[in-house]
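Worksheet: one structure, shown below.
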Amino acid sequence: MEKEEITQISTRLMASTGDELGLLGFGCMRFPKKGRRFDMEAVEQMLRHAIAAGVNYFDTAYMYGGSEEALGAVLAKAGPDGQRLREKVNIATKMPIMMIRTREAMDEKLAISLRRLQTDYVDYYLVHGISSLAQWDKLKQLGACEFLEKQRDEGKIRHIGFSWHGNLFEFRQVVDDYPWDFCQIQYNYVDEHTQAGTEGLQYAAQKGLGIVVMEPLRGGTLADKLPSKAAQLVSKHKDEQGRVRSAAYWGMRWVMEKPEVNVVLSGMNAMEQLTENIAAANDSTPGSLGAADAAMIQNIVAIYNENNRVPCTGCSYCMPCPSGVDIPTCLSYYNSKTVFGGASNDLRYLLYTGGKQPGRASQCEKCGACETKCPQHIPIMDTLADAAKTMEKPWLVAPAALVIKLMGR
């Protein structure tokens, strides 16, 4: 029986770390399951296939229930050449900042992650889910910088980074505040002006940070939940070789062709998804997206934008707000609610604008400072009033406050 030939993905050098990384990274939060548990046979099959194709960046986190253990169990095994799989890959995991109250807790959580992963070092260690400069400042006060540098000096961490869920204005401040090796941001063709966005991507790259992208398909929304008009565009479009490709393929290609991007994470739970993403990574080089392909994707974006209530580009010129409102984040979730619906956007809005230094729309005191600086001439004060009415539902505010308290946000 002939050995299966596996397509090899393209790689990119992350200059800040010196590592040659596969363009496709494996997001380990959504491993395939059998019932309520991970299907370890399927997990191992997918991981081995991915490694054989050149995938060498595996992203997990302390908070991804069972993910570190599952990844560690597979990587502890030997590959076809007898070498331990762990030695062939880079592991990325994260400090669970919502569980950190003391400097000692940082050591404890890393020790647990290392034990779960069956390794004595992590290649890429991230401060998980920073959403504001104040949150990062609090971690620094607890000794985060000393912790990260001590663990790196001892060889338990190779490279230091952070993942981001806040606005562009504060993203730039956090980038500048510490000599990070890399950062991880949400980025896709719908969220080009959301959170860090394209401007943040380019800013971090110019500052020398490696770039890892999460949510390239917006949690699967851009794969199998496109509006019908957009789905029809994809079904009729052919690539330069005359092939019809899926919406997921084009979503991955759009991100992968950006020259600043080093790794694009995908939370895959089926071999078909892995195979398709390998094809996208193999086809992607900077600027490789054809003019017709790019036009098709822009038409999809236009379809989404038809439902946007606010023409906000996330430029953050309106910041800082004298009343403490996180204007770009409020408007971003307000738009997401109108386009995608669902209570999840309400809850995320309440979580990411809550905490000890809240930034919710209802805090607006109508001083008008933001409107004098907005290049889009958005009636921000009235829009924030509508956003508060839409997003700050009484029956969700209390549960969100409890979650924030438990997370220490």
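Take V325 and tell me if it is assigned to a helix (DSSP H, G or I) and within 28 Å of S131 (Cα to Cα). Spelling it out, it is not the case that V325 is assigned to a helix (DSSP H, G or I) and within 28 Å of S131 (Cα to Cα). Being out of contact with any Cys (no Cβ under 9 Å at 6 or more places or on another chain) and either surrounded by 21 or more Cβ atoms within 10 Å (Cβ to Cβ) or assigned to a strand (DSSP E or B) (or both) is the filter here; which residues of the range 55-73 pass it? Selection gives V55, N56, Y57.
Only one of these is buried (at least 23 other Cβ atoms within 10 Å of the Cβ) and of a type in the set (S, T, N, Q): T221, T194, T198. Name it.
Result: T194 is the single residue among T221, T194, T198 that is buried (at least 23 other Cβ atoms within 10 Å of the Cβ) and of a type in the set (S, T, N, Q).
Find the residue count for the range 198-214, including only residues that are in contact with a strand residue (DSSP E or B) (Cβ under 8 Å, 6 or more places away or on another chain) and in a helix (DSSP H, G or I). Within the range 198-214, residues that are in contact with a strand residue (DSSP E or B) (Cβ under 8 Å, 6 or more places away or on another chain) and in a helix (DSSP H, G or I) number 4. Taking the range 215-301 as the region of interest, the helices (runs of 4 or more DSSP H) fully inside it that hold 3 or more residues being under 19 Å from the mean Cα position of the chain (by Cα) and farther than 15 Å from Y189 by Cβ are 271-283. For the range 293-310, state whether one or more residues are touching a strand residue (DSSP E or B) at 6+ places or on another chain (Cβ under 9 Å) and either loosely packed, with under 13 Cβ neighbours inside 10 Å or assigned by TED's automatic domain parsing to the domain that holds N167 (or both). Checking the range 293-310: not a single residue is touching a strand residue (DSSP E or B) at 6+ places or on another chain (Cβ under 9 Å) and either loosely packed, with under 13 Cβ neighbours inside 10 Å or assigned by TED's automatic domain parsing to the domain that holds N167 (or both). Name the pairs whose Cβ atoms lie under 7 Å apart, with the first residue in the range 101-116 and closer than 19 Å to Q141 by Cα, the second among the β-branched types (V, I, T), and 6 or more positions between them or separate chains? Listed pairs, sorted by first residue: M106/I100. The residues of the range 360-397 that are surrounded by 17 or more Cβ atoms within 10 Å (Cβ to Cβ), among the aliphatic types (A, V, I, L, M) and under 27 Å from the mean Cα position of the chain (by Cα), listed by number, are A361, L384, A387, A388, M391.
The values are calculated or read from the model by the stated rules, or taken from the named source; none is laboratory data. Just so it is clear, the model here is predicted, and its values are computed rather than measured. Neighbour counts run over all protein chains shown; Cβ positions are idealised from the backbone, glycine included.
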